[in-house]
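See below for the structure under consideration.
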Amino acid sequence: MKKIFGLFLCLIFAVCQSQERKVSNEKKCQAVLTPSETLQWEYLNFMKDSIFYKSQFANFAKIKNGVLLYRWQEGSGSNNFFTVDFDEDFNASIRTKEFVKKVDFSTADKKKMKFISEILEKESYYQRCLKDHGHSTLYVLIVRYNNEVKAQYYSPMTNLYEIETSDTNINLIKEIFSIMDRNYYKSITLKKAMKKRKDS
């Protein structure tokens, strides 16, 4: 699996190299502006044989205003989609092949995510990192606004916190990632706590 993952990363570097524009200066990880179609091709083809994987992105493309955070962890087989639909009363859920879990956001988080999605510039970014993190965790973050993709961020090795930049757009995307990430882990923690209570 690691060899396939390595070849996959090399392909990404080759495709992005000729069209890149770096928007961060951090030595270990850089955010690279990448054409939207190139970025979509990369993450949609990551698990090209998985019907579940492709269907989740296709379903999210039907949402007019919302956010998708996808994560895949090497070695664990963990493969989940966290989606939020602003127009369906902020309907949010974490979905894997095995389960669907509803997630509740605070009013403050809802307002902040909606506001950021409105003011984001329309850009797509690829996160390239030089550091070897051992087991990689892949992330795809997509923001839809007014029935189009407003922002995309693809990191095939680690999370967005590794990027240090003064670029406002990336920092706004990081803020959305932070809200999604925090609510994801809050949801997982609550699920574990409820399971413990049932078992005891």
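Observations on the structure shown:
- Where a residue in the stretch 40-51 is among the basic types (K, R) and its partner, wherever it lies, is surrounded by 14 or more Cβ atoms within 10 Å (Cβ to Cβ), with Cβ under 9 Å and at least six apart: K48/K54
- Residue in the stretch 67-92 that is nearest to the chain's Cα centre (by Cα), counting only those that are aliphatic (A, V, I, L, M) and over 16 Å from S155 (Cβ atoms): V84
- Checked against (1) open to solvent by 10 Å² or more (accessible area, probe 1.4 Å); (2) assigned to a helix (DSSP H, G or I); (3) closer than 22 Å to K64 by Cα; (4) free of Cβ contacts under 8 Å to residues at least 60 places away in the same chain, Y161 passes all but condition (3).
- Within the stretch 140-156, considering residues that are surrounded by fewer than 21 Cβ atoms within 10 Å (Cβ to Cβ) and not charged (D, E, K, R), the one nearest to N79 (Cα to Cα): V149
- Test: residue in the stretch 126-137 that is among the small types (G, A, S), open to solvent by less than 30 Å² (accessible area, probe 1.4 Å) and without any contact (Cβ under 8 Å) to a residue 12 or more places away in the chain: no
- Any hit, the stretch 35-48, residues being touching a Cys at 6+ places or on another chain (Cβ under 8 Å) and either under 18 Å from L141 (Cβ atoms) or open to solvent by less than 30 Å² (accessible area, probe 1.4 Å) (or both): yes
- Conditions (1) modelled with pLDDT under 95; (2) in a loop (DSSP other than H, G, I, E, B); number of the one not met by L138: (2)
- Scanning the stretch 156-196 for residues that are among the hydroxyl-bearing types (S, T, Y), modelled with pLDDT under 95 and under 27 Å from F99 (Cβ atoms) gives T158, Y161, Y184, Y185, S187, T189.
- Test for E26: is it surrounded by 12 or more Cβ atoms within 10 Å (Cβ to Cβ), charged (D, E, K, R), out of contact with any Asp or Glu (no Cβ under 9 Å at 6 or more places or on another chain) and at pLDDT below 90: no
The values are calculated or read from the model by the stated rules, or taken from the named source; none is laboratory data. Keep in mind it's a predicted model, so treat the numbers as computed, not measured. When we count neighbours, we look across all protein chains shown, and the Cβ atoms used for this are built from the backbone with ideal geometry, even at glycine. What goes into the accessible areas is simple: the full protein's heavy atoms, side chains included, and nothing from ligands, DNA or RNA. Shrake-Rupley method; radii C 1.70, N 1.55, O 1.52, S 1.80 Å.
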